[in-house]
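The values are calculated or read from the model by the stated rules, or taken from the named source; none is laboratory data. Just so we're clear, the structure is a prediction, and the values are computed from it rather than from any experiment. Cβ coordinates were reconstructed from backbone atoms using ideal geometry, including for glycine residues, and neighbour counts include every protein chain displayed. Surface accessibility is based on the protein's heavy atoms, side chains included, excluding ligands, DNA and RNA. Shrake-Rupley method; radii C 1.70, N 1.55, O 1.52, S 1.80 Å.
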Amino acid sequence: MGQGDRRWFLQQSALRGMGLAALAALPPSLACQAQKPAKRGDLSQVAHVVVFMQENRSFDSYFGNLSGVRGYGDHHPLSIAAGGNVFAQPSKGSRIWPYRFNGATTSGQCVADVSHDWFTGLTARDDGRWDNWVTAKGLNALGYYNRQDIPFHYALADAFTLCDHSFCSVATSTNPNRLYLWTASCDAAGQYQGPVMTNDSKPRYTWTTYPERLQAAGVSWRVYQEEDNFDDNALAWFANFQDAPVGSPLYENGMKRRSRQAFADDVANDTLPAVSWLIAPASLSEHANSAPNAGADLTHFYLDALASNPAVWEKTVFIYTMDENGGFYDHVVSPTAPPDTPDEYALNLPIGLGVRVPTIVVSPFSTGGVVCSEVFDHTSILRLLEKFTGVQEPNISAWRRSVCGDLLATLDLDASPGAFAATLPDAALLMAAAKTACATLPPAAPNGETGLPAVEPGTRPLRPLPYLPEANATSDGAGNLTIALANGGTSGFPVDIHGLAGVDDLPRFVTVAPGGTAAVTYAAGADGGFAVEVHGVNQFFRRFVGNALTAGGDPHVALAVDPAGESATLTVTNPTNATLTLQLLDAITGKTATPTLAAGATQSFALTLQDRWYDATLQVVGQPPERFAWTYAGHLEGTQSRTRAA
């Protein structure tokens, strides 16, 4: 494809008053192919999986403002001990809210690097309380971009499938995470001089990589890397690849340097291997202080190359992701294995999951601006490759297989994807504008923000998820609160539970097995008061506030969900000898009902659903919220739906 096609403009817009034509249409090749009906069938339709892992950005820092995702519009963000919620991070007696890396007025495109080692990550995590980000990482950690700043990334999300529960594998830096991409291991057990929790400058690892397994199975593969590969090729850290002679498969496919045009040539000639990994040079890697919009130009190059050969495009899955969050803030607490889970702890500390990162699946099977909220990490890419190639990766831990999906949910292989009207901005012009801004504008910094930024309105198609979670609580009247968890789905459901008032504030991490149950008990303080929150995938939320010494006077409550019948039913029992007047606040409709419940009576209330979402709080009229207030929110999973608007 010629340069003229790649710079084909649909419209022009001023960028910082510079008159740059920032928005261009999809390259004609991509526009044509994105609208072409795909074949019906299964994964056998796919001939190529291409993995493009960039560097060091969090989900909130890129997509917190996007419509219909779990970003800054999260309806129930985690409450923290300092008061308020996790979005306003404590800092020296004040609170810091996320602030914009404004590309028009600041040099936020080339923000200074943020600490992203394991130890500052553990500090920010604060055992799961998630309230120490500024102390651990500094102010730059809380910066974010919006559509005006990174329009190419937003356009990709509008056109294809964005994963908003995709986490890096390890709560630390690049090298351990890239080890998970290629081997599903950081040697947590220390069998090969691990665990690897830092960026070792001269490693010589000896365990087996996934490309070696592909090679042994006769599956074609290749790493496309330039002379400058930013030391991002994890295969080069292994003795077998370091010692591979020129001309050998390990050298030719894993170590040899090629220009990026080599990828385009292989696509044009239909000689692309079954599995490809792409590695960017440092300046285009999106690693701070390199500009996101510079990386966008490289992504555009690869997509343009694929779309320019329809025979290749129509059978390719292209995965764009980040190796780690780079120290940048994200508000969702990462799923964490219970203590002593095999292969998931190093030095008695949890390995992961790490922080959420942007992940977009670009394919003729993933069009439509869809959101997939299933839990993924880097081993999910390997699991997709397992399904695609039949070659297994035994290093993936049992816990990760239980909670991290295989990315198949991002693809619609049974239906023919329709056309989409999204446009991709001209990334070369965006890169040029970023270079100018970085050279001429002041750094981005907090500007007295007192709340969250506005989130784009609207919802998006939501892919079906393999969960059926429930969580209810009971108080025994003797100072104990027990939370009963259940999961009727087909994948493990991870939750994090937080005691906020009157109870132990050490977060507890529980994975509820498919078809399984679990229970967590809290002992309230001397006055009996408690406040406990349960957070799970796709904005699953429970908040139980009350007094564990007064169970005889409080309603007994349970929520039952029925995805097949599309119902969420709240059943309430009045254990007292007097009539109770309830207050049911429905956040979906914005309405409040005040039904009465006779002494000893039980009554059920059908909660309002909108796109299968429910969100309601039950209180007792005449009692303050801290006396009794139970909130139930979530989504009836299991079928195609829509995301919830902010």
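Kindly list the number of the only condition in (1) open to solvent by 20 Å² or more (accessible area, probe 1.4 Å); (2) modelled with pLDDT under 95 that fails for Leu481.
The failed condition is (1).
Let me confirm something: among Phe87, Phe63, which residue is closer than 30 Å to Glu314 by Cβ and at pLDDT 95 or above? Write out each step before concluding.
On the way: Phe87 fails: closer than 30 Å to Glu314 by Cβ.
When all the criteria are applied, what remains is Phe63.
Determine, yes or no, whether Thr459 is more than 21 Å from Phe544 (Cβ to Cβ), surrounded by fewer than 21 Cβ atoms within 10 Å (Cβ to Cβ) and modelled with pLDDT under 95.
No: the conditions fail for Thr459.
Across region 487-501, what is the number of residues that are open to solvent by less than 30 Å² (accessible area, probe 1.4 Å) and under 23 Å from the mean Cα position of the chain (by Cα)?
Of the residues in region 487-501, 10 are open to solvent by less than 30 Å² (accessible area, probe 1.4 Å) and under 23 Å from the mean Cα position of the chain (by Cα).
Considering region 439-456 alone, what residues qualify as being out of contact with any Lys or Arg (no Cβ under 9 Å at 6 or more places or on another chain) and crowded, with 18+ Cβ neighbours inside 10 Å?
Selection gives Leu452, Val455.
Residue by residue through region 232-247, note down the ones that are among the small types (Gly, Ala, Ser) and exposed (fewer than 15 other Cβ atoms within 10 Å of the Cβ).
Within region 232-247, Ala239, Gly247 meet the criteria.
Taking region 616-646 only, how many residues are in contact with an Asp or Glu (Cβ under 7 Å, 6 or more places away or on another chain) and either open to solvent by 70 Å² or more (accessible area, probe 1.4 Å) or closer than 27 Å to Gly502 by Cβ (or both)?
Adding up the residues that qualify gives 4.
Let's see how each residue does on (1) open to solvent by 20 Å² or more (accessible area, probe 1.4 Å); (2) more than 15 Å from Pro176 (Cα to Cα); (3) of a type in the set (Lys, Arg):
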{"residue": "Met322", "(1), (2), (3)": "no, no, no"}
{"residue": "Gly326", "(1), (2), (3)": "no, no, no"}
{"residue": "Asp330", "(1), (2), (3)": "no, yes, no"}
{"residue": "Val333", "(1), (2), (3)": "no, yes, no"}
{"residue": "Pro338", "(1), (2), (3)": "yes, yes, no"}
{"residue": "Thr341", "(1), (2), (3)": "yes, yes, no"}
{"residue": "Tyr345", "(1), (2), (3)": "yes, no, no"}
{"residue": "Asn348", "(1), (2), (3)": "yes, yes, no"}
{"residue": "Val355", "(1), (2), (3)": "no, no, no"}
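Give me the pairs: first residue in region 228-249 and farther than 17 Å from Gln193 by Cβ, second residue of a type in the set (Lys, Arg) and buried (at least 18 other Cβ atoms within 10 Å of the Cβ), beta-carbon distance under 9 Å, and six or more apart or on different chains, which are they?
Hits for this filter: Asp232/Arg178; Asn233/Arg178.
Find the residue count for region 367-401, including only residues that are farther than 18 Å from Cys168 by Cβ, within 20 Å of the chain's Cα centre (by Cα) and assigned to a loop (DSSP other than H, G, I, E, B).
3
Filter region 452-472 down to the residues that are acidic (Asp, Glu) and either more than 19 Å from Ala568 (Cβ to Cβ) or touching an Asp or Glu at 6+ places or on another chain (Cβ under 9 Å) (or both) and list them by number.
Glu456
Consider His378 against the criteria (1) touching a Cys at 6+ places or on another chain (Cβ under 8 Å); (2) under 15 Å from Phe63 (Cβ atoms): it satisfies all of them except one. Which criterion is unmet?
Answer for His378: the failing condition is (2).
Among (1) open to solvent by 30 Å² or more (accessible area, probe 1.4 Å); (2) within 24 Å of Asp117 (Cβ to Cβ), which single condition is Gly368 missing?
(2)
Hey, any hits in region 550-560 for a residue that's touching a residue at least 60 places away in the same chain (Cβ under 8 Å), polar (S, T, N, Q), surrounded by 14 or more Cβ atoms within 10 Å (Cβ to Cβ) and in a loop (DSSP other than H, G, I, E, B)?
Within region 550-560, one or more residues are touching a residue at least 60 places away in the same chain (Cβ under 8 Å), polar (S, T, N, Q), surrounded by 14 or more Cβ atoms within 10 Å (Cβ to Cβ) and in a loop (DSSP other than H, G, I, E, B).
Against the condition farther than 18 Å from Tyr345 by Cα and open to solvent by 10 Å² or more (accessible area, probe 1.4 Å), how does Thr198 come out, does it pass?
On the way: farther than 18 Å from Tyr345 by Cα: no; open to solvent by 10 Å² or more (accessible area, probe 1.4 Å): yes.
When the stated conditions are applied, Thr198 does not pass them.
Which members of region 573-592 meet the condition of being surrounded by 13 or more Cβ atoms within 10 Å (Cβ to Cβ) and either closer than 19 Å to Arg644 by Cβ or of a type in the set (Gly, Ala, Ser) (or both)?
Result: Leu585, Asp586, Ala587, Ile588, Thr589.
For region 593-615, enumerate the residues that are open to solvent by 30 Å² or more (accessible area, probe 1.4 Å) and within 31 Å of the chain's Cα centre (by Cα).
The answer is Thr608, Leu609, Gln610, Asp611.
Looking at Asp377, Asp406, Asp426, Asp414, which is the one that is touching a residue at least 60 places away in the same chain (Cβ under 8 Å) and more than 30 Å from Asn293 (Cβ to Cβ)?
Asp414
Given the structure, is Ala291 touching a residue at least 12 places away in the same chain (Cβ under 8 Å), surrounded by fewer than 16 Cβ atoms within 10 Å (Cβ to Cβ) and touching a Ser or Thr at 6+ places or on another chain (Cβ under 9 Å)?
Values: touching a residue at least 12 places away in the same chain (Cβ under 8 Å): yes; surrounded by fewer than 16 Cβ atoms within 10 Å (Cβ to Cβ): no; touching a Ser or Thr at 6+ places or on another chain (Cβ under 9 Å): yes.
Taking the combined requirement at face value, the residue does not satisfy it.
Which of the residues belonging to region 592-629 are assigned to a strand (DSSP E or B) and within 29 Å of Gly458 (Cα to Cα)?
Selection gives Thr592, Ala593, Phe605, Ala606, Gln610, Trp613, Tyr614, Asp615, Ala616, Thr617, Leu618.
Taking region 535-546, which residues are closer than 13 Å to Trp630 by Cβ and surrounded by fewer than 22 Cβ atoms within 10 Å (Cβ to Cβ)?
Phe541, Arg543
Of all residues in region 172-199 being among the hydrophobic types (A, V, I, L, M, F, W, C) and assigned to a helix (DSSP H, G or I), which is nearest to the chain's Cα centre (by Cα)?
Leu181
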